[in-house]
Amino acid sequence: MTKIELAWRTPEALLTAFEDVPHLAFLDSGGIVSARSRWSILCVHPREILSSNEPDGWAQLQRLLRRKRDDVHHDVPFSGGVIGLASYEAGLALEGLQSRFRPLIPALTAMAFDGAFIFDRREKRLFWCSDSHSPMPPLPPPGRVERARTLSRVPLSPDMSARDWKDAVGATRASIGRGALFQANLTSRWHGDLPDDADIFSLYLRLRETSPAPFGGFLKLPRFSLLSASVERFIALDRDGWLETRPIKGTASIGRDEQEDARIAENLARDAKEYGENLMITDLMRNDIARVCAVGSVSVPALCQVERFTHVHHLVSTVRGKLACGQTAVDLLRASLPPGSVTGAPKHAALKLIDRLEGSARNAYCGTMFRIGNDGAMDSNVVIRSILISGGKVEIGAGGGITYPSDPQREFDEMCLKAAPLLKLFR
């Protein structure tokens, strides 16, 4: 394996150096440096690209991987493999369903890379790593990158009015009351026309500055670009087959000072509705991963813990398990999409209700951005707090879990709280 240490450059500097390449994948860890947000990964010039709406797309994804377990450095998270996006509609298809809306992007998109730039945020070190001894792309001389951040003002319109959305909350509560399901994640999207001269790189740089997040990312392809500031890990899988998922459900604002912050966090931890919402989704995720895990290996080491992010508090749980013999990262994705934290329980019933009540296709929103290494390891996020740009259109989404005790106005306010940092970028 090739591993070359380079002079330290910030992710922003290296990203800007490659802004003209047609295909780019950046897995971006932002905010406070922790074990979950230590590494960022940048890949350019894929050797192969997958774009599929067909059921065999998952088999094609598996074939893109070059199985290597020995010739890898275990001190870096990725040195070759695939980085891609499975849309929400890809998850629907896995559940035998099709949306009444026409999506803007392919169900499954992936790029195979033979090497990666690896940023160690904790140590401020930069490496080029390749498990196939691929040469490093040429770089411009190091130096400070100056960039004019010209952001366009783009009018964005919601796909549902406030009244329609609150009516949809009421319809969801009615379905729960009839016993059709326990919970559904109801969402809305804002759409707008992006000017021809819009600077997507500047938009992403501004997003990662205003909303640093541990599971962000930037996918750039000729057909679409995805700019994500996701706070939610979907599933992580290590080289030895141990996996972890961290469902987020339950949201509260942040305070104006430490005392108010502590009070808000304490109230969130005691909120029966939010606790129940997280508990149901945690159980759903436990059942999903159990489809491909060794019997008896699934556990819940953390349940409904309050975590503070840049703009909000969330309740976060942790579910762990061990992949059964013969199962792969691709099998794990197929067993668990779409993510339970953005669908509901039971999942199949929630998916059908969501499609009937919502106003547009979810596309990338509520799908997953993932990396799968040639060594079998994987990490992935839930695509929330994200911006999709495709065909001159821009789209963002927000939503929340609805249970029987849900208050329509409170749920609407929570959705707006989540969308506000993204909407602010355009207004």
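The values are calculated or read from the model by the stated rules, or taken from the named source; none is laboratory data. Not measured: the values here are computed from a predicted model. Cβ sites come from the backbone with ideal geometry, for glycine too, and all protein chains shown count toward neighbours. All accessible areas refer to the heavy atoms of the entire protein, side chains included, with ligands and DNA or RNA removed. Shrake-Rupley method; radii C 1.70, N 1.55, O 1.52, S 1.80 Å.
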Fill in the blank from the handout: Taking the stretch 1-15 and keeping only residues that are open to solvent by 20 Å² or more (accessible area, probe 1.4 Å), more than 15 Å from LYS124 (Cα to Cα) and among the aliphatic types (A, V, I, L, M), one is left with MET1
Problem - Counted residues, the stretch 213-257 - those being among the aliphatic types (A, V, I, L, M), outside any loop (DSSP other than H, G, I, E, B), at pLDDT 95 or above and within 30 Å of LEU194 (Cβ to Cβ) - result: 3
Practice task
Name the residue, out of GLY326, GLY376, that is small (Gly, Ala, Ser), assigned to a loop (DSSP other than H, G, I, E, B) and free of Cβ contacts under 8 Å to residues at least 40 places away in the same chain.
Solution key: GLY326
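Scan the stretch 80-88 and give yes if some residue there is over 19 Å from the mean Cα position of the chain (by Cα), under 30 Å from ASP199 (Cα atoms) and modelled with pLDDT of 95 or more, otherwise no.
yes
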Practice task
Examine the stretch 365-376 for a residue that is surrounded by fewer than 22 Cβ atoms within 10 Å (Cβ to Cβ) and closer than 26 Å to LEU221 by Cβ, and state whether such a residue exists.
Solution key: yes
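Being crowded, with 23+ Cβ neighbours inside 10 Å and of a type outside the set (S, T, N, Q) is the requirement here; does LEU388 meet it?
On the way: crowded, with 23+ Cβ neighbours inside 10 Å: yes; of a type outside the set (S, T, N, Q): yes.
Answer is yes for this residue.
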Completion exercise
Of (1) open to solvent by less than 10 Å² (accessible area, probe 1.4 Å); (2) over 30 Å from SER175 (Cβ atoms), LYS322 satisfies every one except (1)
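Give SER202, SER175 a once-over and let me know the one that is open to solvent by less than 30 Å² (accessible area, probe 1.4 Å), more than 29 Å from GLY276 (Cβ to Cβ) and polar (S, T, N, Q). Break it down stepwise before answering.
Working: SER175 fails: more than 29 Å from GLY276 (Cβ to Cβ).
The unique qualifying residue is SER202.
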